[in-house]
Structure formats: C-alpha cells, structure tokens
Amino acid sequence: MTSNQTVTLSKKPSLEIRLSVLSAVDYAPGGSIRARIKSVATRTFTDTQTGHQYRFTWRTISTWLYRYKKRGITTLDNKTRADKNHYRKIQINELAEAIHDILPTLSYNKTGLIPKQAIYRKLLKHDYFQRSQLSQTSFYRMVRENNLLDTKQTQKLRLSFSMQFANELLPPNLSPNKPPYLNRISVVK
C-alpha cells in the first residue's frame, strides 16, 4: 500500500475477514502468540466482496482469538443485542402516567409547546424516577417513539396495565350477584 492510498474503515467486518485475521495469526512471524498478534495488527485486510480495507488493533485480534478458542466460530459472528429496543429500567406506561401527572403543572412556551427538557427536569425534581433509571436521550426517544405527549395515546398507555373498574378482577363467566354454584358452565347434550 502506498502513502497516497487511503484505508476505508467500516465498523463491522464480515465473518470471513475475522477468520482470515485469525488464520494470519497462525502464520505470522514471532516467537509468542502476543508477538504474532502484534505482527498481524500492522497488516491491512481487504474484503473481496465490498473492497473495504480493515486494520485492527492487537487488542481486538487478541479478543477474537480468545473467543474463538473458548467458544468457537459462533462468537465471531455479528450479533445484535438481545434487549435492543427494550426499555430495561422504566416502562412506557409508568412514564406515560408520570407525564400525565406532571403536565398540568407546566406552562407552555411562546410557540405553544411544553419543552421536553422541562418535562424531564420536572419528573426528576418530583422523584418519579432517577437519572440512572432514564437518561435524557432515552426519555426523548421514548416520548417520540410512543407519542407520549399526545393525550389520547398517553391515556391508552396509562390504562394498558391497570383496571378501570373494580369488577374487572372477575373472569367474564362469573358474576358478583350470583352464588358461585350458579356460575358453573354446564354443557347440554
């Protein structure tokens, strides 16, 4: 590679590139595994399908080699997080309830809107949740994706896990006015 050529870096190399890096460690010069890994870290690898060129740090190569030896080829494949797009510390209906409680205490700005930042700060101030439970960015994303500032949508989410009436505890075939022996379902042949 000449000094005029640039190296295109892509975040996620393919599985084939990772395997070629690991095979290069086996054939690299050096007296120890660490020396061979550092030797491979100076090389540039080209993906034949996309034409992208990759260079990896010796730490990345070392991690891949350890994972490959420990658990095999499946650990080298690109995987998304199992909990991607799931909220871990606060649920949407909890946030909808908190926003519904706090909105009447806030005033509109000059453009006729309530700033999201003001809502977030007010929720923190009144201890609806801690900053460690919900970051400002996550709050903005939850409000935007679930349309939590729309009153109809907020009402629907608030009631999604609650009962509107006390008699919702009973199954539909039971009635509180009848004795239990009359609530049995009988089949007529």
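Values in this text are rule-based calculations from the coordinates and carry no lab data. This structure is a prediction, so every number in the text was calculated from the model and none was measured. Don't worry about glycine lacking a Cβ; one is built from the backbone with ideal geometry, like all the others, and counts go over all protein chains shown.
What to note about this one:
- Note on segment 110-128: among residues that are assigned to a helix (DSSP H, G or I) and of a type in the set (A, V, I, L, M), the one that is farthest from ALA98 (Cα to Cα) is ALA118.
- Filter pass, ARG121 being closer than 30 Å to LEU15 by Cβ and either surrounded by 17 or more Cβ atoms within 10 Å (Cβ to Cβ) or over 22 Å from the mean Cα position of the chain (by Cα) (or both): no
- Within segment 47-71, being over 12 Å from VAL21 (Cβ atoms) and not in a loop (DSSP other than H, G, I, E, B) holds for GLN53, ARG59, TYR66, ARG67, LYS69, LYS70, ARG71.
- Scanning segment 34-56 for residues that are closer than 16 Å to SER14 by Cα and either out of contact with any strand residue (DSSP E or B) (no Cβ under 6 Å at 6 or more places or on another chain) or touching a residue at least 12 places away in the same chain (Cβ under 8 Å) (or both) yields THR44, PHE45, ASP47, THR48, GLN49, THR50, GLY51, HIS52, GLN53, TYR54, ARG55, PHE56.
- Residues of segment 76-98 satisfying the condition of being exposed (fewer than 10 other Cβ atoms within 10 Å of the Cβ), closer than 27 Å to TRP64 by Cα and of a type outside the set (Ser, Thr, Tyr): ASP77, LYS79, ARG81, ALA82, ASP83, LYS84, ASN85
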